[in-house]
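Chemist: The following block contains the structure, expressed as structure tokens.
The values are calculated or read from the model by the stated rules, or taken from the named source; none is laboratory data. All values reported here derive from a predicted model rather than from experimental measurement. No Cβ is skipped: glycine too gets one built from the backbone with ideal geometry, and neighbour counts run over all protein chains shown.
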Amino acid sequence: MTYKIALNFEDGVTRMIDCGPDELVTEAAFRQRINVPMDCRDGVCGTCKCFAEKGEYELEFYLDEAMTEEEAEQGYVLTCQMRPQSDCVIRIPASSAACKTAAEAIGGTVLGVDALSATSFSLRVKLDKPMSFLPGQYVNVSVPGAGKTRSYSFSSLPGSDEASFLIRNLPGGVMSTYLAERAGPGDKLELAGPMGTFYLRPIERPQLWLAGGTGMAPFLSMLEQLAQTGTEQPITLYYAVTRAADLVELDRVMALAAKIGTVTVITIIASPDEAHERKGFVTDHLGAEDLQGGNVDAYLCGPPPMVDAVRAHFAKLGVEPASFHFEKFNPTEETSAAEAVGS
């Protein structure tokens, strides 16, 4: 038996390694040619101190000078003394380059492209081998024939050999032009990743998820994961778009929500010219009761104006979520940037 250990580096790169139950995490990383920070190997120096965001594990000997009992109770670990007992997620306080690794590159073959609306595409790719990632993360996808890459969040189940992406149709954009005019089954492309600090943490309290447009993509991946694992915690998912036609993949969202059983989906349309139960912006409908006195984990993915508006709205409500993770994507030809706060 081996466990999957996600090593999240401070530059946003994530590498997945296999680690046996009787193997130390540092040994497993070195075996797979990843030099995580380490010096003494004996639990004495503290050089390998990291933070375990998820998983069960045992810690062997270490001195208080290397890591205090209080730090251990908070979730800090010495990877040279850590033996996993489940899949784990570990935050490494160093860049991937400093650890002599980089994002993994995997080849893929286009299975199909679907125009979901005038504003979005679905791209389906058969991977040369399954790519492990945390639900919510993104990859850089090469654009066939263009010599360029663009960043997109997975909308598919982690670990599958088929990947899907929900992509905004940006007129004149390199990827949009390819998908609209040239893409076809059998086209070859490359994916590099996974990357990003926007991913689903262990669910220990109610969830508040806010998706704007194609910002639904990472939440689809999260829903796919929860449809497999389940959760007893309630999840409120706001899906805000400009027009009704932009509510793409809604049938899939509703089917996954029904399978999980604890998800409430709320849709909002901004256009004043269309009939809908809820009109305007997500901040018009998001109240203090949604934050439950701060006892929620909030996740937000959408364009920068939406992210900025929600952050200001939280401040106005005077309630701070227990954790708040957000990702901004820019509808431009620039590579999108991800940010996250809280843990």
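Chemist: Please name all residue pairs, on different chains or six or more residues apart, with Cβ atoms under 9 Å, provided the first residue is in the range 311-327 and is within 22 Å of residue 153 (Cβ to Cβ) and the second residue is acidic (Asp, Glu) and at pLDDT below 90.
Modeler: As it stands, the answer is 325/339; 326/339; 327/339, since those pairs meet every condition given.
Chemist: Within the range 1-19, does at least one residue satisfy the condition of being at positive phi and crowded, with 16+ Cβ neighbours inside 10 Å?
Modeler: Yes, the conditions are met somewhere in the range 1-19.
Chemist: Taking the range 229-267 as the search range and keeping residues that are touching a Gly at 6+ places or on another chain (Cβ under 7 Å) and within 24 Å of residue 205 (Cβ to Cβ), which one is surrounded by the most Cβ atoms within 10 Å (Cβ to Cβ)?
Modeler: Ranking the qualifying residues of the range 229-267, first place goes to 240.
Chemist: Run residue 145 past the list (1) over 25 Å from residue 247 (Cβ atoms); (2) in a loop (DSSP other than H, G, I, E, B); (3) modelled with pLDDT of 95 or more and report the number of the one that doesn't hold.
Modeler: (3)
Chemist: Going through the range 263-294 one residue at a time, which ones are among the hydroxyl-bearing types (Ser, Thr, Tyr) and out of contact with any strand residue (DSSP E or B) (no Cβ under 6 Å at 6 or more places or on another chain)?
Modeler: The answer is 271, 283.
Chemist: State all residues of the range 98-142 that are assigned to a strand (DSSP E or B) and among the β-branched types (Val, Ile, Thr); if no residue qualifies, say none.
Modeler: 106, 109, 110, 113, 125, 139, 141, listed by residue number.
Chemist: Quick check on residue 7: is it over 18 Å from the mean Cα position of the chain (by Cα), modelled with pLDDT of 90 or more and of a type outside the set (Asp, Glu)?
Modeler: Taking the combined requirement at face value, the residue does not satisfy it.
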